[in-house]
Amino acid sequence: MDNIKRFDIAAQSLSGRLTRIFTSLDDCDKQRIREIRLRSRRPVAVITDTGTEFISRSGRLTQVYTDLTLRTDEREIEEIFKRLCGYSVHSFRDAINRGYITIAGGHRAGVAGTAVCENGRVTAVRDICAVNLRIAREIKGAANEIYRSEFADGLKSVIIAGPPSSGKTTVLRDLVRCLSGSDRGYIYKTFVCDERGEIAACVSGVEQNDMGINSDIITSYPKAEGIMIGLRSFSPDIIVCDEIATDEEAAAVEAGVNSGVCFALSVHARDERELKTKPVLNRLLLTGAFSSVILLSGRQVGKTEKIFSSGDILA
């Protein structure tokens, strides 16, 4: 699926008037947009490679905010929220309680509102006031630099780090294609634990992204459980999953490492200081399986800022 069509699919989840405006944009503008940010009684904003831009009432992108900038209100936000859920909010309850909804194509919508809590746990979200729709893109070649530098001599375990919107998921997606594809030499058995449905973007069991020819994908399983399913049932050479963040997930990775399986993982981190202060990352590195951590620059998808050895981070 090309990225223009992918953008239009994402825009279909918005309200009628916003769908018309965004699908009518020039293709070059559609290619530039990374996020669509909607806030009640505030201007419609988009995040591009160069920063924040707005939508004029005439339906054009502009870097200048004026009184003529397009706005949304709480009724439109509520309508968009229902559309994102396919008008079945209850079926998306668990995802909503975690703050996001993944829709067809792998696009992720962050949802902000008022939490309803019971015994310290979020059980529902009401009064939705903001939606941030992150546009998923498939960029073939995004993992080329990392594949050449880290896998030239065979399979190994890697951790890909970076700030939000630096392309961690995009790189992991393309890395799966490389590892399990037929154009890179050895074809590895690759198991993808796609908890949020963003890597493979499966719809009715069919991935919308190119996952190579030798990969197995499970969607929506919690990562810790998904990793164990992979270890028990799929005899993978390497397991790929996005955003390791909890001790439970790290423990599942440790179990895989002890079974001789390699991993390609991602973690959130803006710089070396953040890398050194993440307990989960330290726990992963102490397994001895991860020789390096690749920090993405955030300025260009797949561009490496620096490669750290495990000793650099643990020191």
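For segment 194-217, the set of residues classified as surrounded by 20 or more Cβ atoms within 10 Å (Cβ to Cβ), outside any loop (DSSP other than H, G, I, E, B) and not acidic (Asp, Glu) consists of Cys202, Ser215, Ile217, listed by residue number.
Residues are listed down the side, and each one gets a yes or a no for (1) in contact (Cβ under 8 Å) with a residue 40 or more places away in the chain; (2) buried (at least 16 other Cβ atoms within 10 Å of the Cβ); (3) closer than 19 Å to Gly113 by Cβ:
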site	(1), (2), (3)
Ser13	yes, yes, yes
Ser24	no, no, no
Ile33	yes, yes, no
Asp49	no, no, no
Phe54	no, yes, no
Glu76	yes, yes, yes
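If I ask for residues that are of a type in the set (Val, Ile, Thr) and farther than 21 Å from Arg270 by Cβ, which ones from segment 119-168 would you list? Answer for segment 119-168, where residues must be of a type in the set (Val, Ile, Thr) and farther than 21 Å from Arg270 by Cβ: Val122, Thr123, Val125, Ile128, Val131, Ile135, Ile139. If you go through segment 116-142 and pick out every residue that is assigned to a loop (DSSP other than H, G, I, E, B) and closer than 25 Å to Ile9 by Cα, you end up with 8.
Checking Ser149 against (1) among the hydroxyl-bearing types (Ser, Thr, Tyr); (2) within 22 Å of Asp242 (Cβ to Cβ); (3) in a strand (DSSP E or B), which test does it fail? Only one criterion is unmet by Ser149, namely (3).
Specify the residue that is nearest to Ile9 (Cα to Cα); the eligible residues are those in segment 145-175 that are polar (S, T, N, Q) and at pLDDT below 90.
Ser165
The condition of being within 30 Å of Ser204 (Cβ to Cβ), β-branched (Val, Ile, Thr) and crowded, with 16+ Cβ neighbours inside 10 Å holds for Ile103. Has segment 64-84 got any residue that is under 30 Å from Arg121 (Cβ atoms) and in contact with a helix residue (DSSP H, G or I) (Cβ under 6 Å, 6 or more places away or on another chain)? Scanning segment 64-84, I find no residue that is under 30 Å from Arg121 (Cβ atoms) and in contact with a helix residue (DSSP H, G or I) (Cβ under 6 Å, 6 or more places away or on another chain), so the answer is no.
Counting the residues of segment 265-315 that are among the aliphatic types (A, V, I, L, M) and part of a loop (DSSP other than H, G, I, E, B) gives 5. Note on segment 239-256: among residues that are touching a residue at least 40 places away in the same chain (Cβ under 8 Å) and not hydrophobic (A, V, I, L, M, F, W, C), the one that is surrounded by the most Cβ atoms within 10 Å (Cβ to Cβ) is Asp242. Gly185 satisfies every condition listed in (1) at positive phi; (2) touching a residue at least 12 places away in the same chain (Cβ under 8 Å); (3) not aliphatic (A, V, I, L, M) except (2). Scanning for something surrounded by fewer than 19 Cβ atoms within 10 Å (Cβ to Cβ), in contact (Cβ under 8 Å) with a residue 40 or more places away in the chain and touching a helix residue (DSSP H, G or I) at 6+ places or on another chain (Cβ under 8 Å), does segment 86-97 turn up at least one residue? No, the conditions are met nowhere in segment 86-97.
Conditions (1) within 16 Å of Asp183 (Cβ to Cβ); (2) outside the structural domain of Leu14 (by TED's automatic domain parsing); (3) of a type in the set (Val, Ile, Thr), marked per residue:
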residue	(1), (2), (3)
Ala115	no, no, no
Ala130	no, no, no
Arg148	yes, yes, no
Phe151	yes, yes, no
Leu155	no, yes, no
Val158	no, yes, yes
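No other residue among Ser235, Ser291, Ser266, Ser259 is of a type in the set (Ser, Thr, Tyr), closer than 18 Å to Val176 by Cα and surrounded by fewer than 22 Cβ atoms within 10 Å (Cβ to Cβ) apart from Ser235. Taking the listed residues Thr23, Thr48, the one that is modelled with pLDDT of 95 or more and under 19 Å from Asp2 (Cα atoms) is Thr23, with no other qualifying.
Between Val206, Val192, which is touching a residue at least 40 places away in the same chain (Cβ under 8 Å) and either among the β-branched types (Val, Ile, Thr) or assigned by TED's automatic domain parsing to the domain that holds His107 (or both)?
Only one candidate qualifies: Val192.
Inspect all residues belonging to segment 259-266 and state whether any of them is among the hydroxyl-bearing types (Ser, Thr, Tyr) and touching a residue at least 60 places away in the same chain (Cβ under 8 Å). So far as segment 259-266 goes, yes, one or more of its residues are among the hydroxyl-bearing types (Ser, Thr, Tyr) and touching a residue at least 60 places away in the same chain (Cβ under 8 Å). Pairs linking a residue in segment 285-309 that is among the polar types (S, T, N, Q) to a residue that is at pLDDT below 85 and surrounded by 15 or more Cβ atoms within 10 Å (Cβ to Cβ), with Cβ atoms under 6 Å and 6 or more positions apart or on different chains, are Ser297/Lys303.
The values are calculated or read from the model by the stated rules, or taken from the named source; none is laboratory data. Since the structure is predicted, the reported quantities are computational estimates derived from the model, not experimental observations. Backbone-built Cβ (ideal geometry, glycine too); neighbour counts: all protein chains shown.
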